[in-house]
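Derivation of every value follows stated rules applied to the coordinates shown; laboratory data play no part. Values in this document were obtained by computation on a predicted structure and should not be read as measured data. Reconstructed Cβ throughout: ideal geometry from the backbone, glycine too, with neighbour counts over all protein chains shown.
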Amino acid sequence: MTKRTWIAGVVAAALALAVFTGTSVASAQEEHSGAVKARIAYMQLNGFFMGQLAGIAKGQVPYDAAQATGVAKSLLALSTMDAGAMWPAGSDNQALPGKTRAKPELWTTFPAVMEKANALTTALEAMVVAAGTDLASLQGAFGAVGAGCGGCHRPFRAENF
């Protein structure tokens, strides 16, 4: 069983449990507080590293192969870690208004989420190679990484809290 298959099973089981138990907003906030805080921190780390790559790609930061590769490897490590515990069912923006921007569709269309996550990981694998090659290669790979992030953010993240 792959890690992604295991995560999908855990999320599906948690979703079914939440639907059948009718978790209230107050208990959901308490129950999912740590998970939501963890995933916000996780996304902040992603944003921090993406900001570094963007600075290099835009020429705002001098290109350094070792630095760019390290940043790309950090993003790849984040994309491949088992983050399933940060995404329990019932921790969406409707169940936890004002606490998260994650839309319920993230859980109801989970196979699509995994496809998008896999596309981001593939783009980051290419970025690791490109980042250590030269600035032009990094710039060429940057768009696919941004599209990979947007692949989940656009359909599964609300604009505001």
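Could you list, in sequence order, the residues of segment 90-120 that are loosely packed, with under 15 Cβ neighbours inside 10 Å, farther than 30 Å from residue 30 by Cβ and either touching a residue at least 12 places away in the same chain (Cβ under 8 Å) or of a type in the set (Gly, Ala, Ser) (or both)?
Across segment 90-120, the qualifying residue is only 118.
Out of all the residues in segment 116-142, which are assigned to a helix (DSSP H, G or I) and more than 18 Å from residue 81 (Cβ to Cβ)?
Those that are assigned to a helix (DSSP H, G or I) and more than 18 Å from residue 81 (Cβ to Cβ): 126, 129, 130, 131, 135, 136, 137, 138, 139, 140, 141, 142.
Identify all residues within segment 62-89 that are among the hydrophobic types (A, V, I, L, M, F, W, C), surrounded by fewer than 16 Cβ atoms within 10 Å (Cβ to Cβ) and in a loop (DSSP other than H, G, I, E, B); write none if there are none.
81, 83
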